[in-house]
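Quick notes on the structure that follows.
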Amino acid sequence: MHLQSGIIGQAGLVAAVEQAADGIIITDACGVIQYANPAFTRLTGYTSDEAVGQHTRILKSGLQEPAFYKELWDTIRSGKVWSGELTNRRKDGSTYKEAMQVSPVRETDGNIGGFIGIKRDVTARRAAEEAQGFLAAIVESSEDTIIAYTPAGIIHTWNRSAELLLGRTAGEAIGQHMSIIMTPERLPHLPHLTEQILQGNAVPQYESICVHRDGHRIRVSVTVSPIRNSAGSAVAASVILRDISERKRNEDALHES
């Protein structure tokens, strides 16, 4: 879309850049900063007066390999747009993760006269993703069987311990109804249990029986808790199962003796 100067004009374009949520800098062909908008200041801590005249290396954190910057500069000097993520350093010394796009600016003779960089802080998003990945790793490596299911009773997650305890792989279990691991006499209790969970109530630990893929029954302790979305509403159930078969056999033997 072409922007007609009569409609927006240079002043309007400048105002749009000044008010942009993303940090925007303009450099010369050597990487010396010629302009920085207010969002750049909020992101890096450098005011426009402090940044202009400085090389973009003032933001280098030292956490990227030299080959990273070589690839970046080779790309934009060849006239191509570079997009990626890197860790930069603020004026106060703290680091942050940044998504950045750098585009060449050509002069009227076709030569590259400078570059425009658009910068966005993705620190919080990356931290959340890393936390989710860490949590997923904990769940997967847990010795307890951990299963999540939807309000309709459909299995959504199935960790490694679930495979070992119940004899089904994640691929075989996910998408199936919880009835595949429940005894017929206990299945009618599932809707009431699920209703409690969707009301946000955790179910105290209790003992139950699950069914292995080959049909044999396993005595387990069960804990069921709500899984909440970002708004705090319960949207699914998390079930933790622990095999207590051996303990119960010992208790039964003791009772018989």
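When Lys and Arg each count +1 and Asp and Glu each count -1, what net charge do the other residues less than 15 Å away from D28, Cβ to Cβ, add up to? Every neighbour counted, the sum reads +2. With all protein chains in place and ligands, DNA and RNA left out, the 1.4 Å accessible area ranks I209, I147 as I209, I147, largest first. Thinking of the range 115-230 as a set of Cα atoms, what percent of all their pairs are more than 19 Å apart? Cα-Cα pairs of the range 115-230 separated by over 19 Å account for 55 percent. Neighbours of E185 by Cβ distance under 15 Å: Lys/Arg scored +1, Asp/Glu scored -1, total +2. Helical runs (DSSP H, four residues minimum) scored at -39500 (n - 2.57) apiece and divided by the length of the chain put the mean residue ellipticity at 222 nm at -9500 deg cm²/dmol.
The residue list Y96, V81, H192 was ranked by how far each Cα lies along the charge dipole of the chain toward its positive end, using unit charges on Cβ atoms, and V81 comes out on top. Charge dipole (Cα centre; +1 on Lys/Arg Cβ, -1 on Asp/Glu Cβ; no other charges) of the chain amounts to roughly 240 debye. Over the chain, with every protein chain in place, what whole percent of the accessible area is carbon and sulfur at 1.4 Å, could you tell me? Of all accessible area on the chain, carbon and sulfur atoms account for 54 percent.
Measuring with a 1.4 angstrom probe and ignoring ligands and nucleic acids, K248 comes out at about 30 Å² accessible. Short-range pairs are left out: with C-alpha atoms under 8 Å and at least six residues apart, the relative contact order of the chain is 11 percent. Counting Lys and Arg as +1 and Asp and Glu as -1 over every other residue whose Cβ lies under 15 Å from the Cβ of T123, the net charge comes to +1.
The values are calculated or read from the model by the stated rules, or taken from the named source; none is laboratory data. Everything numeric here is computed off the predicted structure, so don't read it as measured data. Neighbour counts are summed over all protein chains in view; Cβ atoms, including those assigned to glycine, are modelled from backbone coordinates with ideal geometry. Ligands, DNA and RNA are stripped out before the accessible areas are found, and what is left, the full protein with its side chains, is counted by its heavy atoms. Shrake-Rupley method; radii C 1.70, N 1.55, O 1.52, S 1.80 Å.
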